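Sharing a structure, written as structure tokens. Questions coming.
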Amino acid sequence: MKAILTVCRIELARIFHLKPAFAVLVVASVIYAAFYPQPYRTEALRDVPIAVVDLDGTASSRELARRVDASADVAVSAVFPDQAGARREVYTRNLYGVLVIPQYFERDLLHHRQSPIALYADASYFLIYQRLSGGVVAVARTMGAEVETARLIAAKVDPVLAAAAADPMPLTAVPLFNPQGGYATYILPAAFVLILQQTLLIGVGLLGTYKNNQLSSELTAAASPAGVVAGKLLAYLILETVIMSFYLIALPYLYSIPRLGTPLSIFAFALPFVLAVSSLGLVLAGLFRDPLTVQLVSAALGIPFLFLAGFSWPTEAIPPFLHAVATLLPSTSAINGMVAISQLGASIPDVRQPFLTLWILAAIYTVIAILLESRSRRTMVAL
């Protein structure tokens, strides 16, 4: 045990004295925490600008345009007499959609005929398209139900029955775990786990590749290969206790992200995640043995790690082979389990599959790291 603590002390000192490792493990973590969430702070898109082409010019068409403009999702920024002018504004990206109210809109409504309206929305950005189409459809359905209710009341139908006939199945939507329906609440908890993995993976890889003979001799004298790996993992665990507390507990409060999980359950689940990522970093360092190679490989794998994590590219759409490969990455299981614990209030037994997967990965990568450490020692002795 004394040998493990000695290795832990040496590795902690190296973290703060080796500038590349300190920059990745500490400085980069602070920078990511400060700047990465900023684009998502507004949570959801609001007041997406569109144009209205009112070919009817009646009270009913103006009322429809007013209601669309009053909705939280859409803002009527311009009114054009024809579609040509509106189309030019969409092409220049000043506006993101065109709502066309047809001629005889009010007359058709008064004669109890359908009066379809047209929405041309920019679908190249799915969030904008979703907000536009959802906002306009909601307003059109509400106004259509009111028109139908008024018609039935005019035909001497009881107002209660008229309202029920116009809208027989009213929907009450209650968003769970993401009350704002925001993008930040969806993306940030998963992104935080991925950031923690990347910074820890690169940092451990750099620590494992920046070596000198005096330090290697000191470690060899201090502990066996298993003791060296255990001491290093303990050092990384101590460091990540502080960093993960900041990322998984403090940042959700700072950015108003709902969190139902308890700190104890979050730390319990984070333990095998830190061990798995740290031991994987030791494996990378043992395989490549060069700081530049570790940095290049880690940078090249950053985007694949992002897509295989399952929140940018949905897990259900990932081919089975790639999904199996993704299971070898600690972030895949960690994201699923950590989001369930921190945001949904799940307990450790509820996420036992990703929890056990992380422990298995930690054990496998630790054994490989010990074997690589033993090989490295034999190579040094031979030299």
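With a Cα-only, solvent-free Debye model of region 279-383, what are the log10 I(q)/I(0) values at q = 0.15, 0.16 Å⁻¹?
-0.76, -0.84
Now for a separate question. Helix 225-245 versus the longest principal axis of the chain: what angle, 0 to 90°, nearest 10, using Cα atoms?
The angle comes out near 30 degrees.
While we're here: Tell me whether region 1-49 comes out rounded, prolate or oblate; compute the Cα gyration tensor, take square roots of the eigenvalues as a ≥ b ≥ c, and use a/c under 1.5 as the rounded threshold.
Working: a/c = 8.89, a/b = 3.47, b/c = 2.56.
Here region 1-49 falls in the prolate category.
What angle do you read, to the nearest 10 degrees and between 0 and 90, between the alpha-carbon axis of helix 2-17 and the longest principal axis of the chain?
60
Under a point spin-label approximation (7 Å from Cα along Cα-to-Cβ), what is the residue 348-residue 55 distance to one decimal in nm?
Label-label distance for residue 348 and residue 55, simple model: 6.6 nm.
Moving on to the next point. Gap in Å between the Cα centre of region 265-306 and the Cα centre of region 23-91?
That distance is 40 Å.
Next question, about the same structure. Just to confirm my numbers, what's the Cα centroid distance between region 338-375 and region 186-210 in Å?
15
Run the Debye formula on the Cα coordinates of region 42-101, all scatterers equal and no solvent, and tell me log10 I(q)/I(0) at q = 0.16, 0.24, 0.27 1/Å.
Once normalised to I(0) and log-transformed, intensities are -0.47, -0.94, -1.10.
At 222 nm, what value in deg cm²/dmol follows for the chain if DSSP H runs of at least 4 each add -39500 (n - 2.57) and the sum is divided by all its residues, to the nearest 500?
Values: 17 runs with 250 residues, N = 383.
Computed mean residue ellipticity for the chain: -21500 deg cm²/dmol.
Still on this model: Take residue 296 and residue 112, extend 7 Å from each Cα along the Cα→Cβ direction, and tell me the distance between the two endpoints in nm.
Spacing of the two 7 Å Cα→Cβ label points: 7.7 nm.
Run the numbers for residue 147 and residue 31: contour at 0.36 nm per residue of separation, minus the present Cα-Cα distance, in nm.
Working: separation 116, 0.36 × 116 = 41.76 nm, distance 5.44 nm.
Value of the extension gain: 36.3 nm.
How much of the DSSP bridge set in region 48-166 is antiparallel, in percent, rounded to the nearest 5? Could the numbers behind the result be given before it?
Details: 4 of 14 bridges.
Here the antiparallel bridges make up roughly 30 percent for region 48-166.
How big is the shadow of the Cα convex hull of region 48-166, averaged over all directions, in nm²?
Details: hull surface 30.0 nm².
Result: 7.5 nm².
Give me the number: length gained by fully extending residue 130 to residue 253, i.e. 0.36 nm times residue separation minus the C-alpha to C-alpha distance, one decimal in nm.
Values: separation 123, 0.36 × 123 = 44.28 nm, distance 2.81 nm.
Difference between extended and current length: 41.5 nm.
Size of the dipole of region 48-166 about the Cα centre, Lys and Arg at +1 and Asp and Glu at -1 on the beta carbon, nothing else charged, in debye to 20? It would help to have the intermediate numbers written out before the result.
Numbers: 12 positive and 13 negative charges, 18 e Å.
The dipole magnitude comes to about 80 debye.
At q = 0.07, 0.13 Å⁻¹, what is the base-10 log of I(q)/I(0) for the chain according to the Debye formula with one equal point scatterer per Cα and no solvent? Please give it to two decimals.
-0.49, -1.03
For residue 48, what residues show an amide H to amide H distance below 5 Å, using hydrogens built from the backbone and excluding near sequence neighbours?
Long-range HN contacts for residue 48: 74, 75.
Residue farthest toward the positive end of the dipole of the chain, with Cβ of Lys/Arg at +1 and Asp/Glu at -1: which of 358, 332, 188?
Among 358, 332, 188, the one farthest towards the positive end of the dipole of the chain is 358.
Could you work out the relative contact order of the chain? I mean the mean sequence separation of Cα pairs under 8 Å and 6+ apart, divided by the number of residues, in percent.
Working: 476 pairs, mean separation 74.7, N = 383.
Result for the chain is 20 percent.
Let me ask something else. Report the extension gain between residue 13 and residue 72 in nm, rounded to one decimal, defined as 0.36 nm multiplied by the number of residues separating them, less their alpha carbon distance.
Details: separation 59, 0.36 × 59 = 21.24 nm, distance 5.33 nm.
Result: 15.9 nm gained on full extension.
Calculated FRET efficiency, residue 1 and residue 287, Cβ-Cβ r, R0 30 Å, to nearest 0.05?
Working: r = 29 Å, r/R0 = 0.97.
Working from the Cβ atoms, E equals 0.55.
Measure off, as a whole percent, the carbon and sulfur share of the 1.4 Å-probe accessible area of the chain, all protein chains present. Mind dumping the intermediate values first?
On the way: 13160 of 19990 Å².
Carbon and sulfur together cover 66 percent of it.
Additional query: Nearest 5 percent is fine: what portion of the DSSP beta bridges confined to the chain is antiparallel?
Numbers: 4 of 14 bridges.
Among the beta bridges of the chain, antiparallel pairing accounts for roughly 30 percent.
Roughly how many Å² is the accessible area per residue of region 48-166, as a whole number, for a 1.4 Å probe? Please list the in-between numbers first.
Working: 6780 Å² over 119 residues.
Counting only protein heavy atoms, the per-residue value for region 48-166 is 57 Å².
The values are calculated or read from the model by the stated rules, or taken from the named source; none is laboratory data. These numbers were taken from a predicted model, which means no experiment stands behind them. Every residue, glycine among them, receives a Cβ derived from its backbone with ideal geometry; neighbour counts consider all protein chains shown. Side chains are part of the model used for accessible areas, which takes the heavy atoms of the whole protein and leaves out ligands, DNA and RNA. Shrake-Rupley method; radii C 1.70, N 1.55, O 1.52, S 1.80 Å.
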